[in-house]
Amino acid sequence: MLELLLQRRSIRHYQEKRIEKEKIETIQKCVLLSPSSRNRRPWEFFFVTDPSLIENLSISKPHGSSFLREAPLAIVVVGLPEVSDAWIEDCSITSIIAQLAAEGIGLSSCWIQIREREHNDNQSAAQYIQTLLEISDDKEIEAIIAVGYSAEEKDPYTEEELDFQKITNIP
């Protein structure tokens, strides 16, 4: 796990290469196995591979989502507040599980924050996505995870970069 975390970087440029069906299914299984508060699993996922829909998702907010247009897969993470009051935390956990699963099978990814972000002056990013994907208003959009084969090189992190001052050991 340490090696996987050292290797994983936020990647915003992707090759024009489709992701194999088996790899998408692996990520789907992994997100469904994510831990959640009281095992309520207050989430749904939209795995989007249609390039025109991905293009539309890439304009969900004015900053920080445009790179999505290069990705062959967008995972829209949807929370179900009526199922659990911990939906934000649970969706965040499953989002990183999706990213680690992608990294573990040779793919790269990047998180796009949607919750509490604006699409424009009249509409939130979440409302825009709900309309685009026909998601009911009782559901909340947490994030989009861009996934694909990396088209950029980033050095892995090193253990020397870890800030151990952020840890307090209590005997």
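Any read-out appearing in this document is the output of simple, stated calculations on the displayed coordinates, not a laboratory observation. Small disclaimer: the values here were computed from a predicted structure and weren't measured. So basically every Cβ, Gly included, is an ideal-geometry build from the backbone, and we count neighbours across all protein chains shown.
Details
- Among GLU152, GLU103, GLU161, residue whose mean-square fluctuation peaks in a GNM of the chain (springs only between Cα atoms under 10 Å): GLU161
- Relative contact order of the chain, taken over Cα pairs closer than 8 Å and 6 or more residues apart, is 32 percent.
- Within-11-Å neighbourhood charge of SER66 [Cβ basis; K, R +1; D, E -1]: +1
- Within straight-line reach of LYS29, meaning a Cα separation under 17 Å, sit the following lysines at least 8 residues removed in sequence or on another chain: LYS21.
- Think of the chain as a dipole: +1 on every Lys or Arg Cβ, -1 on every Asp or Glu Cβ, centred on the Cα centre; then among SER136, ILE170, SER60, SER136 lies furthest on the positive end.
- Dividing the summed -39500 (n - 2.57) terms of all DSSP H runs of n ≥ 4 by the residue count of the chain sets its mean residue ellipticity at 222 nm at -9000 deg cm²/dmol.
- Rounded, prolate or oblate (a/c below 1.5 giving rounded, otherwise prolate when a/b exceeds b/c) for the chain by Cα gyration tensor: oblate
- Each Lys or Arg adds one and each Asp or Glu subtracts one; over the other residues with Cβ under 12 Å from the Cβ of ALA125, this totals -1.
- Of all aspartates and glutamates in the structure, the ones whose alpha carbon falls short of 18 Å from that of LYS17, not counting any fewer than 8 places away in one chain, are GLU25, ASP50, GLU55, GLU70, GLU103, GLU152, GLU153.
- When +1 charges are put on Lys and Arg Cβ atoms and -1 charges on Asp and Glu Cβ atoms, the dipole computed for the chain relative to its Cα centre reaches about 260 debye.
- For LEU80, neighbours were defined as the other residues whose beta-carbon sits under 15 Å from its Cβ, and their charges (Lys and Arg +1, Asp and Glu -1) total -4.
- Three-way shape call for the stretch 62-104 based on the alpha-carbon gyration tensor, with the a/c threshold at 1.5: oblate
- Each 10 Å bin from zero holds the following percent of Cα-Cα pairs in the stretch 12-68: 18, 39, 34, 9, 0.
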